[in-house]
Amino acid sequence: MSFWTWLFGKRERHIFVPSKLGPRFQFVSDDTITICEGELQGMTCQYEQELNAYQLRFFLKHDGAVIARAFCERNVRTGAIVYWDVMVEEKYRMKGIASMMTRYILRELITMQKKNKFMLRMIKLYRPTDKSIKLQNVGIGVIAHRLGLTCEFDLPRILNRKNIQNIDILLPEGMFPPSYKIVLREYPYVLIGFII
């Protein structure tokens, strides 16, 4: 078995089958929802959104405190929607909150236009010289995978052996799985890879 097969696995063709995005919830009023399943079943949350032609700012609250937020930008000329800066308070992570917000937000934004193009943008960029790198954006990566989105970079091209300067292993930390830090000779210079 070659190193590259070991590192990236055998290339297989996959047919995308969308998986469920977040726990089921129901509207109690115009700005209140109740989560109907999962670890947070029965929890009631209030949401606030600031929506205009160019952006959406979304906040989810529980007992008056903001427990999650997300921002979206909309390019009116191209119709592209960029979903970014998703943050969930630590004690509510890995319970479907970010996925549930994504489902709600995308539904709101889809109704604004006839043709849609979505991008999920990671908020943290790394420099190859950074000494301390933690795996981040795992949740938004999982959401992108569940939505069937693909990477904007040509991965087979940029992961060419001649373009890779170094590969380091990042050990698991807290809720995050082990991963690879791949330093490249060209933009985006650093990729963090993990297995879903």
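The values are calculated or read from the model by the stated rules, or taken from the named source; none is laboratory data. Note that the structure is a prediction, hence the values are computed from the model and not measured. Don't worry about glycine lacking a Cβ; one is built from the backbone with ideal geometry, like all the others, and counts go over all protein chains shown. Ligands, DNA and RNA are stripped out before the accessible areas are found, and what is left, the full protein with its side chains, is counted by its heavy atoms. Shrake-Rupley method; radii C 1.70, N 1.55, O 1.52, S 1.80 Å.
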Of a type in the set (Gly, Ala, Ser), at pLDDT below 90 and under 21 Å from the mean Cα position of the chain (by Cα) - does that describe any residue in the stretch 72-91?
yes
If you go through the stretch 69-98 one residue at a time, how many are surrounded by fewer than 21 Cβ atoms within 10 Å (Cβ to Cβ) and in contact with a Lys or Arg (Cβ under 8 Å, 6 or more places away or on another chain)?
9
One residue is enough: does the stretch 111-123 have a residue meeting the conditions under 20 Å from residue 190 (Cα atoms), in a loop (DSSP other than H, G, I, E, B) and either open to solvent by 80 Å² or more (accessible area, probe 1.4 Å) or modelled with pLDDT under 70 (or both)?
yes
If you go through the stretch 154-185, how many residues are open to solvent by 60 Å² or more (accessible area, probe 1.4 Å) and part of a loop (DSSP other than H, G, I, E, B)?
8
Determine if the stretch 141-155 includes at least one residue that is modelled with pLDDT of 80 or more and in contact with a helix residue (DSSP H, G or I) (Cβ under 8 Å, 6 or more places away or on another chain).
no
Could you tell me how many of the residues in the stretch 186-196 are within 19 Å of the chain's Cα centre (by Cα) and either open to solvent by 80 Å² or more (accessible area, probe 1.4 Å) or under 19 Å from residue 93 (Cβ atoms) (or both)?
4
Please go through the stretch 49-68 and pick out each residue that is open to solvent by 70 Å² or more (accessible area, probe 1.4 Å) and either assigned to a strand (DSSP E or B) or in contact with a Leu (Cβ under 7 Å, 6 or more places away or on another chain) (or both).
50, 51, 55, 57
